[in-house]
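See below for the structure under consideration.
What follows draws every value from the coordinates through simple rules; no lab data is involved. All values reported here derive from a predicted model rather than from experimental measurement. Virtual Cβ from ideal backbone geometry, glycine too; neighbours counted across all protein chains shown.
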Amino acid sequence: MASDPNEFLAETGRDLMGGIDTSVPHSARIWNYWLGGKDNFAVDQAAGDQYAQMFPGIFDLAKAERAFLGRAVRYLVSEQGVRQFLDVGTGLPTEDNTHQVAQSIAPECRVVYVDNDPLVLAHARALLVGTPEGATHYIDADMRNPDRILAEARKILDFSRPVGLMFMGVLGHITNYDEARSIIRSLLNAMSPGSFLALNDGTNTDPAFNQAQQGYDNTGAVPYLLRSPEEIAGFFEGLQVVAPGIVPVPQWRPDLGYAAPRAIDVVGGVGKKP
């Protein structure tokens, strides 16, 4: 399989190129670059490096977010018995993706990914193959359309049983706070009691982080809004928040021996629908 994105796209069909603009940086591809992946373009690498010049901690931040995803999924599968996940805003595959973590513990887990980027979907369908006992499925949808997400997800997931709903570093793309909260509520309202929300997002508490994000937004890429820790905690309103609460992600049930190399400007947590 081709490791270069352009070769990969040639193999998966030129029709995909109609939806991919390689002249403008894209957040999913930049995050892939920060995580050490190969599924990115020169424009993404340049934007990622420019961001890192203003905020060098972005590489640690990206890795801390990915580690939090793994710990949250392991907690939900191992300690809460969750066997279904709806991962909204998938991003490009790297290591320890949701289905890999979940199905390594319980092979029967069913995972539905949601994204609306053609490159993300092409890579996901080719690379994210689940276990025979479970299911791994992909929905081409915008997170702003929860009705479509639910309609497609119901083909794979049983909403009469608990679901782990995941938003990992993506809700900043919804710059209207009320709209972001409404998206979460619409999806959770369709899920059974005992379902969980697992979420993290970047905070606006570091001036260097804010400056780097503004520089990124000025490139013409889709803007991303950093929010206050209090606003991010507001996404969990009405849920039973799991200890230790909504905290910087390295502090959320850290693995034995895990320590962030610096303060991480991302908070997250897990909440249970009563």
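For the subset of the stretch 72-92 comprising residues that are of a type outside the set (A, V, I, L, M) and crowded, with 20+ Cβ neighbours inside 10 Å, which member is farthest from Ile184 (Cα to Cα)?
For the stretch 72-92, the residue satisfying everything is Arg83.
So which of Arg154, Arg161, Arg110, Arg148 is within 18 Å of the chain's Cα centre (by Cα) and among the basic types (Lys, Arg)?
Arg110
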Any pair with Cβ under 8 angstrom, 6 or more apart, that starts in the stretch 220-239 at a residue that is closer than 19 Å to Thr205 by Cβ and in contact (Cβ under 8 Å) with a residue 12 or more places away in the chain and ends at one that is among the small types (Gly, Ala, Ser) and not in a helix (DSSP H, G or I): Tyr224/Gly202; Leu226/Gly202; Arg227/Gly202; Ile232/Gly268; Ala233/Gly269; Phe236/Gly269; Phe236/Gly271
One residue from Ala243, Ala212 being among the small types (Gly, Ala, Ser) and either more than 14 Å from Asp265 (Cβ to Cβ) or touching a His at 6+ places or on another chain (Cβ under 8 Å) (or both): Ala243
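Under the condition of being closer than 14 Å to Asp265 by Cβ and over 17 Å from the mean Cα position of the chain (by Cα), which residue from the stretch 215-230 is surrounded by the fewest Cβ atoms within 10 Å (Cβ to Cβ)? Lay out the reasoning, then the answer.
Applying the first criterion (closer than 14 Å to Asp265 by Cβ) to the stretch 215-230 yields 224-229.
Cutting the leftovers down to over 17 Å from the mean Cα position of the chain (by Cα) gives us 228-229.
Working: Ser228: 12, Pro229: 17.
In this case the residue turns out to be Ser228.
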